[in-house]
Amino acid sequence: MVKKVLFVSAEVYPFAKVGGLADVAGALPKALHNLGVDVRIIMPYYGDIQRKSGEFNIKPTDVKNIPVVVGDIVERFSLYQAYLPGTDIPVYFVRSQRYFDRMGIYFDPETKKDFPDQDERLVFFAKAVLDAAPALGFPPQIIHTNDHHTSILPAYLKLTHSRHPIWRPVASVLTIHNLAYQGIFEKDVLYKMGLGEELFYPTGPFEFFGKVNFLKIGILFADVVNTVSPTYAKEIQTPEYGHKLDGLLRSVSHKLFGILNGVDTTVWNPATDQHIEYHYSAEDLSGKRKMKVVVLRQFNLPEDIDTPLIGMIGRMADQKGYDLVAQILPDLMKENLKMVVLGSGDPKYEKLFTDLAKKFPGKLGVYTGFNGPLAHKIEAGADMFVMPSRFEPCGLNQMYSLLYGTVPIVRKTGGLADTVIDADQFPEKGNGFVFEEYKPEALFGAIQRALNAFADKERWRSIMLRGMKEDFSWERSARKYLELYDKAIQFKYGTSAV
Ligand code: ADP
């Protein structure tokens, strides 16, 4: 079994979070650790984290002032260290004055635009990781990279570090949390990476429609690649979901796998959740009703406790189906229900939903912004949860909803298809409501079916309870990752680590 893993991520909960990647990076290492793996995490030391260094007890290490070359720039990094809260898993932070001593993870919080030097930041981080592990005296067996932010590392392992004493034996894993974000940069990024222009030729690993695509590089060079649900692993090999990489993904299907994410139940459990005022469980649901009142109050909605309350939480991006919800809202608001929406992101949707809330006072509550505690309260207080995603690699909110007895209404795609079972189609095992076509009427139909079920209190309760009893433990997923690590070693060497 693999014993030493370096986990590399641009986001790790609770230090820095934009979306589901952070949740996975904060939880999977814990589960691996519980299975006996010496896993260590490395991430950038963003200004946002530096501000909270006291809270997380982040300390400098002896690794200081190591130079890294990015094109014509020489920038030095120092390593800081803390532990993943509640564990003894080391988390290393790469500090760079030039690249990370600023607020924002991927984009400038003031302009809301991507950092113009984002390519350099990613190249710098990857190169710093290559120097950090030897400097720390931590030779991993596996380097586990995540998304395009860190996906050039497998290429370095094969091209520039294939004879390096520490890196030579290391097998690489790339987890794709979302294929839509690929890290596409101008050709000059090759120079910044320290690689020759001769690598840039049509259809080669370093060329993508005249540009350089970091995720493509990772897919080609990693020993194994996985996505975060079995269905998404299949979908991305089709033109509809492949974001122009479906052909490439089909060509590497022998090393492409799907492993469903788990839920960190130390953070997401209605019986112990630190962000909710009233706790509850499948045995005693009374706290859930009280949380409904908390949420209605927070959104200034009348406290009609028996009217169904629909929640929606998520990044406001085209992916998440906000356009479908906006289209059905005028009709939906004629029904006897209330709805609360929490999201941030694309200003187009932020404005659309802020305007809609003004149109439907007393029925629709909208909060635009990132608010972790409020997300927990909505999961606890709502009766239903809509997630009509256009595509969904895994999706965490529908799993949180199931565990919180908040019946999910989802589109049948990616991880949503792998976790939610339609209660009309499968009365014995249904835990939610599912629709197939990405059309407003399909979403509306599914919500109406959920409202009908809600009216039958006993049936509704049994649907809720089925969800609350699901096992989304990270332990199950972590065991699959251990098998994946073993495959990575097999693919690299043709033999197993066992
Ligand atoms: P994605 O990774 O595509 O953003 P997921 O459903 O996998 O979607 O994970 C989203 C995570 O981010 C969940 O933990 C969700 O609660 C959280 N989240 C998204 N938007 C917000 C927001 N505006 N405020 C608080 N939490 C949010």
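Set side by side, the residues Val69, Val74 differ, and just one is surrounded by fewer than 17 Cβ atoms within 10 Å (Cβ to Cβ), touching a residue at least 60 places away in the same chain (Cβ under 8 Å) and farther than 24 Å from Ala22 by Cα, which is Val69.
Residue by residue, here is whether (1) more than 28 Å from the chain's Cα centre (by Cα); (2) surrounded by 15 or more Cβ atoms within 10 Å (Cβ to Cβ); (3) over 18 Å from Val407 (Cβ atoms) holds:
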| site | (1), (2), (3) |
| --- | --- |
| Phe444 | no, yes, no |
| Asp456 | yes, no, no |
| Ser462 | yes, yes, no |
| Ser473 | no, no, yes |
| Ile489 | no, yes, yes |
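Among the residues of the range 9-36, those that are surrounded by fewer than 24 Cβ atoms within 10 Å (Cβ to Cβ) and away from the ligand (no atom under 13 Å from the Cβ) comprise Lys30, Ala31, His33, Asn34, Leu35, Gly36.
Looking across the range 326-365 at every residue that is free of Cβ contacts under 8 Å to residues at least 40 places away in the same chain and among the β-branched types (Val, Ile, Thr), the one that is farthest from Ala446 (Cα to Cα) is identified as Thr354. I need the full set of residues from the range 151-180 which are crowded, with 19+ Cβ neighbours inside 10 Å and within 16 Å of the ligand (Cβ to nearest atom), in order please. Result: Thr175, Ile176, His177, Asn178, Leu179.
When the strands (runs of 3 or more DSSP E) confined to the range 32-91 are screened for residues that are more than 22 Å from the chain's Cα centre (by Cα), those reaching at least 3 such residues are found at 66-70, 73-83. Contact map, the range 402-418: first residue more than 16 Å from Val263 (Cβ to Cβ), second residue of a type in the set (Lys, Arg) and within 12 Å of the ligand (Cβ to nearest atom), Cβ cut-off under 9 Å, separation 6 or more or different chains; pairs are Arg411/Arg390; Thr413/Arg390.
For the range 383-398, indicate whether the set of residues that are in a helix (DSSP H, G or I) and either surrounded by fewer than 21 Cβ atoms within 10 Å (Cβ to Cβ) or away from the ligand (no atom under 11 Å from the Cβ) (or both) is non-empty. No, there is no match, as no residue in the range 383-398 is in a helix (DSSP H, G or I) and either surrounded by fewer than 21 Cβ atoms within 10 Å (Cβ to Cβ) or away from the ligand (no atom under 11 Å from the Cβ) (or both). Is there a residue in the range 406-413 that is surrounded by 20 or more Cβ atoms within 10 Å (Cβ to Cβ), assigned to a strand (DSSP E or B), modelled with pLDDT under 95 and of a type outside the set (Asp, Glu)? Scanning the range 406-413 turns up no residue that is surrounded by 20 or more Cβ atoms within 10 Å (Cβ to Cβ), assigned to a strand (DSSP E or B), modelled with pLDDT under 95 and of a type outside the set (Asp, Glu).
The values are calculated or read from the model by the stated rules, or taken from the named source; none is laboratory data. In this text, all values refer to a predicted model and were calculated from it rather than measured experimentally. Glycine gets a Cβ as well: all are built from the backbone with ideal geometry, and neighbour counts include every protein chain shown.
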